[in-house]
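Beneath this line is the structure, given in structure tokens, with notes to follow.
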Amino acid sequence: ITIAVFGLSGANLNPLITVGMMATRRMSAIRGVLYILAQIVGAWLGMTLTAGFKTWSESTIDMPAMAEVADGNFWKVAVIELVGAIILAFFFARAWKYRKSPLTFGLTVGTGLAVTIIYIYIISQSYFGLSNNFMVNPAMALMYQILPSAGDNFGEIMGGIFQALAIYAAFPMVGGVLGFYLADFTSRLSGEKQCDCGDCPCCKE
């Protein structure tokens, strides 16, 4: 999918990547906001299609949903989401250097996604005993029923909403920015050219 849509949009497909690109001036703010809106709509359409197929096939399989974050696990889940976002954004930023070759770009991004999933599985299962609490994609997370709709009182509902948005939106987006800055920092340390546009002074040296 990354390779297929790369030529049309740059294959962000994730708000944390888009925020990282905006923060490092790889993308304008207006374009980035429009991308994020498109990603949320795309996630909603995907979940709607899934629900439609479930109804059409009369399947008894439950629709996917995120497990509720238990009391005391807030920081565990938040840090795992943050570090996972850093890893994914770092690989995407490094892949951006190879954007003239969609296949290389797609393989690098795919490798980053695989490393992120392996990291989350190992850390969450082996060290914390958590499962089905992680997404590393704010647009997808919103569709997975992370926002509570019931509670003992209004304050409890709002507290649950803020907690969910912090874990599945704020922390991943911060991680996205950190991942891009880390990629740029390592690029400077290695002495790489900062771009390959062919027009700027850096490329003409």
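Taking into account only those residues within the range 39-80 that are open to solvent by 80 Å² or more (accessible area, probe 1.4 Å) and among the charged types (D, E, K, R), which is farthest from residue 123 (Cα to Cα)?
The residue in question is 58.
Among 164, 169, which is in a helix (DSSP H, G or I), more than 30 Å from residue 97 (Cα to Cα) and touching a Pro at 6+ places or on another chain (Cβ under 8 Å)?
Only one candidate qualifies: 164.
Among the hydrophobic types (A, V, I, L, M, F, W, C), closer than 27 Å to residue 183 by Cα and surrounded by 11 or more Cβ atoms within 10 Å (Cβ to Cβ): does that describe residue 83?
For residue 83, the condition - among the hydrophobic types (A, V, I, L, M, F, W, C), closer than 27 Å to residue 183 by Cα and surrounded by 11 or more Cβ atoms within 10 Å (Cβ to Cβ) - is met.
So how many residues does the range 137-168 have that are open to solvent by 50 Å² or more (accessible area, probe 1.4 Å), under 23 Å from the mean Cα position of the chain (by Cα) and free of Cβ contacts under 8 Å to residues at least 60 places away in the same chain?
Adding up the residues that qualify gives 3.
What's the total number of residues in the range 82-102 that are assigned to a helix (DSSP H, G or I), in contact (Cβ under 8 Å) with a residue 12 or more places away in the chain and under 16 Å from residue 187 (Cβ atoms)?
10
For residues in the range 106-136 being without any contact (Cβ under 8 Å) to a residue 24 or more places away in the chain and of a type in the set (Val, Ile, Thr), which is least open to solvent (accessible area, probe 1.4 Å)?
Here the answer is 108.
The values are calculated or read from the model by the stated rules, or taken from the named source; none is laboratory data. All values reported here derive from a predicted model rather than from experimental measurement. All Cβ positions, glycine included, derive from the backbone under ideal geometry; neighbour counts span all protein chains shown. The protein model used for the area step is the full one, side chains on, heavy atoms only, and it has no ligands, DNA or RNA in it. Shrake-Rupley method; radii C 1.70, N 1.55, O 1.52, S 1.80 Å.
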